[in-house]
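Rule-based calculations on the coordinates, nothing more; no lab input. This one's a predicted model, so the numbers in the text were calculated from it and none came from an experiment. Note that we place each Cβ from the backbone using ideal geometry, even for glycine, and neighbour counts take in every protein chain shown.
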Amino acid sequence: MGVLSVMILGLSIAFAALSATLKINFGNVNQTAQTWDVQFNDSTTSVTATEGGTSATGRSCGTASVSATQVTVANTELSKPGDKCTWALTVENKGSIDATLTSITPTAPTSVSCTPSGASMVCGNITYKITTDAAGTTLLTSGGTLGNTTGTLPIYLIAEYTGDGETMSAVTQTGAKFTLLYNQA
Amino acid sequence: MKRNNKKIMYKIIIVLIIVSSILSVVFAALSTTLTVNVGNLTQIATKWNISVSSTSAINNYGSSGTGRDCGTISTSNNVVTVTATTLSKPGDLCEYSITFTNGNSTMNAKLDSLTATAPSGNTCTYTTFSSCTSGNTCQYKMVCGNITYTLSSNESGTSAPTNLASFTGGTTTSKTVYLRVEFTGSSPSESAITQTNPKFTVVYAQN
């Protein structure tokens, strides 16, 4: 019995010696102040379109109202080949973190069948698009980076009568829009 | 000791989970959706209708009817056709009026071009005017040997058809020009000559 006690005691002492304390110490963990602020330049809250086409008959370009995250164009008329309205907008990064344009999503007008293609959609006689040039030749594409603090991106919303014939009766398209998603780069 | 090690391990795991959660929440917040709404876009009903509304033969001129036979004029689907005409001596003339109408077009129209086409195999000289779109052909008279073809704003054939320059949308307006085919040579031909397919082509474009 005495020998057994000594053995058990010995074993216990041996086990208690076989342990180690592991410590993971963090040094200072600092969070510097950062801001995330990607928005439309809304220093001008209304934007007048540039009109294109032949006569002004049947053409009226609505004014675009601009807030930080929304642009809304008022009622517009385009009625004959060549009629065109171009609104100049600017996206800016006022935050301290770089941003990437992750996606551009066109939404067709209600109950209208359109052919979407990136930042463009053709809906019957009307083509809607967002471009990076006023002439409307270069579509906005995703993937671009907007640098922090001072990054700006001029973009152009264009609505154009691209059909080749006249409209026999009045037609209104409602609800067309583009959604731009920016994420941190 | 063993229990203490486990407690320490649990604490480390808990700290790591908390840190990971914080990082996840911070990452999900860094995105912005910008929306461009077009609003109502209306195409109003439009009408484009520039056409030939009427034609008529108005004058046969010349000293005598010998060797002169003015063809009849008709129009269909904006094509004016003059049937076979015979002009054989100086002064022979056939003249027709042609009326263009905008037919309640809602859009303005402008004379884009007016092209005189020579009879097949003939060389003609042309007279131009400036009422067409800049840079486009704008001819109202062609002289092809003994025969002169003219589209004029007056019956005497002395004025270019500047009245065709434009139509204003929204109102019905008619404009008349005079088609003259005249023997302007100085002497009759010694043999029969036929000039085939001379024509004028009038093109309007939206303005």
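A few comments on the model shown:
- Here the average projected area of the convex hull drawn through the C-alpha atoms of segment B:88-152 stands at 6.1 nm².
- Residue with peak Gaussian network fluctuation, chain B [Cα springs, cutoff 10 Å], from B:37, B:102, B:136: B:37
- Put a plus charge on the Cβ of each Lys and Arg, a minus charge on the Cβ of each Asp and Glu, and nothing anywhere else: the dipole of the protein assembly as shown about its Cα centre is then about 1960 debye.
- One Cα centroid belongs to segment A:133-174, the other to segment B:127-206; the line between them spans 45 Å.
- Legend: distances between Cα atoms for B:47/B:175; A:84/A:177; B:89/B:175; pairs beyond 22 Å are B:89/B:175.
- Farthest towards the positive end of the charge dipole of chain A, among the residues A:48, A:170, A:110, is the Cα of A:110, using unit charges on the Cβ of Lys, Arg, Asp and Glu.
- In straight-distance terms, cross-link reach from residue A:94 covers every one of the aspartates and glutamates whose alpha-carbon lies under 13 Å from its own, apart from those fewer than eight places away in the same chain; here that gives A:37, A:42.
- Taken about its Cα centre, segment B:51-206 carries a charge dipole of about 220 debye when Lys and Arg each add +1 at the Cβ and Asp and Glu each add -1 at the Cβ.
- Working from Cα pairs under 8 Å separated by at least six residues, relative contact order for segment B:51-206 is 29 percent.
- Residue among A:145, A:155, B:93 farthest towards the positive dipole end of the protein assembly as shown, charges placed on Cβ: A:145
- Candidates B:108, B:60, B:197, ranked by Gaussian network fluctuation over chain B, Cα under 10 Å, top entry: B:197
- GNM result for chain B, Cα springs below 10 Å: residue of B:166, B:97, B:156 fluctuating most strongly: B:156
- On the beta carbon distance between residue A:51 and residue A:102, with R0 = 45 Å, the FRET formula returns roughly 0.85.
- In this rough spin-label picture, where each label sits 7 Å from Cα along the Cβ direction, the residue B:130-residue A:32 distance is 6.8 nm.
- The largest-to-smallest principal axis extents of the Cα set in segment B:44-165 are 58, 29, 26 Å.
- Seen from residue A:141, the other residues with C-beta closer than 15 Å to its C-beta sum to a net charge of 0, counting Lys and Arg as +1 and Asp and Glu as -1.
- Charge dipole of segment B:51-206 about the Cα centre (unit charges at C-beta), most positive-ward option of B:196, B:78, B:57: B:78
- Projected onto its three principal axes, the C-alpha set of chain B covers 137, 38, 27 Å, listed from the longest axis down.
- Rounded tilt (10° steps) of B:2-29 against the dominant C-alpha axis of chain B: 20 degrees
- Around the Cα centre of chain A, unit charges on the Cβ atoms of Lys, Arg, Asp and Glu (plus for the first two, minus for the last two) sum to a dipole of about 560 debye.
- Modelled label reach - residue B:186, point 7 Å along Cα→Cβ, segment B:122-163 residues with backbone N closer than 17 Å: B:144-148
- Computed [θ] at 222 nm, helices only, for the protein assembly as shown once each DSSP H run of length n ≥ 4 contributes -39500 (n - 2.57): -4000 deg cm²/dmol
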